[in-house]
Amino acid sequence: MVFYIFFRLQKQVDYLEANPDCTVCFHPVKVIYEDGSVEETVYPEKNEFPLNTGRTDFNAFDLLRRNFIQTNSVVYRWVGVDKIPDFFKKHTAGDFQLHFLHAVNGKIGYIDEIMGVYRKHSGGIYWHVDEKEHVLKIGEDWIDMLINMRNYYSNIYAEGFNDGISWTILDYICILCEKGNYDKAIHYLHKYIEFASFVIPKIGDVLQVAK
């Protein structure tokens, strides 16, 4: 196993050395549920963004559309601890923050070879719980993280961050409404009032579809 890991890491280091414009290198992984309740899959899937674009390297704008990098598959051209913003430690999704931190400095390289396994178990945060319950569990933290990232990085990424923030708030508030937690939904509309003009007109349509 140690030899296999070393082999995988060496391939990624070799990739970064051969592509000096890349700061991130990742590969697909096999996803296994330890209780066998779900069939094995591969992440990211080739028929989904961004692999379905046919490109072999990606960028920070792609990451804003979707976090397609599994944590145990990535190697960075390290930018240094002094470059890590203070707000990183406040949020659960440290992996996405690190992916983006490095992606703003170069391309994201992809090796089309399954070289790792991601095992899911009942004690993990990404266990196959109800998707809506998962949004309620991490939604506020994810929204606040995206807002902090938007405010930290260059304005060229602002539109992408705002789009992700807006849709996440909409999902979060609609799920609260579905569960009859209207006071909490109103609270978050006030908290994220900056995005209300996007969220409010769409709430009715989303709830109608959910019925």
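Counting only protein heavy atoms and a probe of 1.4 Å, the accessible surface of the chain is 55% carbon and sulfur. In the chain, the longest principal axis of the Cα atoms and the axis of helix 196-210 are about 90 degrees apart.
Averaging sequence separations of C-alpha pairs under 8 Å and six or more residues apart, then dividing by the length of the chain, give the relative contact order as a whole percent.
Numbers: 238 pairs, mean separation 47.8, N = 211.
Taking the mean separation of contacting Cα pairs over the length of the chain, I get 23 percent.
Residue by residue, the stretch 100-108 carries 3J(HN,Hα) couplings of 5, 3, 7, 5, 6, 9, x, 7, 9 Hz when phi is fed to the Karplus relation 6.51 cos²θ - 1.76 cosθ + 1.60 (θ = phi - 60°); x denotes Gly or Pro. Taken one residue at a time, the phi angles of the stretch 174-181 give Karplus couplings (6.51, -1.76, 1.60, θ = phi - 60°) of 5, 5, 4, 5, 4, 8, x, 8 Hz. Gly and Pro are set to x. Treating each Cα of the chain as an identical point scatterer and summing with the Debye formula, the log10 of I(q)/I(0) at q = 0.09, 0.17, 0.19 Å⁻¹ comes to -0.42, -1.32, -1.47. Straight Cα distances below 17 angstrom link Lys30 to the lysines Lys46, Lys120, with same-chain residues fewer than 8 positions distant left out. Shown is the FRET efficiency for His190 and Asp86, computed with R0 = 30 Å from the Cβ-Cβ distance and rounded to the nearest 0.05: 0.70.
The values are calculated or read from the model by the stated rules, or taken from the named source; none is laboratory data. Not measured: the values here are computed from a predicted model. So basically every Cβ, Gly included, is an ideal-geometry build from the backbone, and we count neighbours across all protein chains shown. For the accessible areas, the whole protein counts, side chains as well, though only heavy atoms, and no ligand, DNA or RNA atoms are used. Shrake-Rupley method; radii C 1.70, N 1.55, O 1.52, S 1.80 Å.
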